[in-house]
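What follows is one structure encoded as structure tokens, with my remarks underneath.
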Amino acid sequence: LTLFSGLGGGALGFQSAGFELIGGFDNNAEAIEDYRMLTGSPGHCVDLFEAGPTKIRDLVGPRRPDVIFTSPPCVGFSGCLPEKNAKTKRYKKLNSLAELGIFVALEAWEEKPPIILLENVPRIMSRGREWLDAISEMLRSYGYAVTESTHDCGELGQLAQSRRRFLLLARHIEQVPEFIYEPSVHELLGVGEVIGELPIPLPVDDGEDAPGGEMHRLDKLSPLNWLRLALIPAGGDWRDLPEEVAVRQRPGRHNGGFGVSRRRPSQELSG
């Protein structure tokens, strides 16, 4: 069972490892719609601030999950948010969902789940220290052994991307007396190793299927923009273009007139 499931990325990971999904919960209706479509399992649009353990149990049924995976909002714990903002009432309330999710996991069923997980950004270990301490104390009072660690998803999943995450793992000592071991670490792959077998991306018309799939297609660019791309030296950028094809500033765009336009497709921005 997943709490703060989003569109189901974490749930898909468990599913691919052989677990049966019995429910996912999130307060975003569109995310839950995606969750149902991607996982084929029941998804429920629920706000944990308004729905307690009883509501969760009623929606899932009496069948207690073996593993509960929680991935509470990370915005207040992330370094992307200024620390001053993270201390505001709004983000403190958002951060409290980390503890609330664990409480719901512990109280929804009389027989406690053997395994409870909490995933988040690594900075939760500093910015969210008070929450983690409270969570660990609560879990230990229910008979759990608790471990905090960080890992690189790319090294564990043998991906072409480095992505560090925090994981709190709690095992109910009576039900799971054995240690739970960390998976093996692998070298990161190169991007070419991942996409090397795909066909050369080509531009396609609207409604036409891309040879390598929807995520492996080439945007339509004007001849001038193709020339610009060809003339950028290795390690350079648009500032290294010859004067004849230099990018001109345009009022109303981000980054001093050279950023992304939100309104017009790229093929209309050349010249």
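The values are calculated or read from the model by the stated rules, or taken from the named source; none is laboratory data. On a predicted model such as this, the values are computed, not experimentally measured, just so you know. Using ideal geometry, Cβ is built from the backbone for each residue, glycine included, and neighbour counts are taken over all protein chains shown. These area figures cover heavy atoms from the full protein model, side chains too; ligands, DNA and RNA do not enter into them. Shrake-Rupley method; radii C 1.70, N 1.55, O 1.52, S 1.80 Å.
In the range 47-72, how many are touching a residue at least 12 places away in the same chain (Cβ under 8 Å) and either among the acidic types (Asp, Glu) or surrounded by 17 or more Cβ atoms within 10 Å (Cβ to Cβ) (or both)?
13
Please go through the range 84-116 and pick out each residue that is open to solvent by 20 Å² or more (accessible area, probe 1.4 Å) and within 18 Å of Leu168 (Cα to Cα).
Passing the criteria: Ser96, Glu99, Leu100, Phe103, Lys112, Ile115.
Being within 26 Å of Glu110 (Cα to Cα) and either free of Cβ contacts under 8 Å to residues at least 24 places away in the same chain or basic (Lys, Arg) (or both) is the requirement here; does Arg163 meet it?
It is false that Arg163 is within 26 Å of Glu110 (Cα to Cα) and either free of Cβ contacts under 8 Å to residues at least 24 places away in the same chain or basic (Lys, Arg) (or both).
For Leu81, which of the numbered conditions (1) open to solvent by less than 30 Å² (accessible area, probe 1.4 Å); (2) of a type outside the set (Asp, Glu); (3) modelled with pLDDT of 90 or more fails to hold?
(3)
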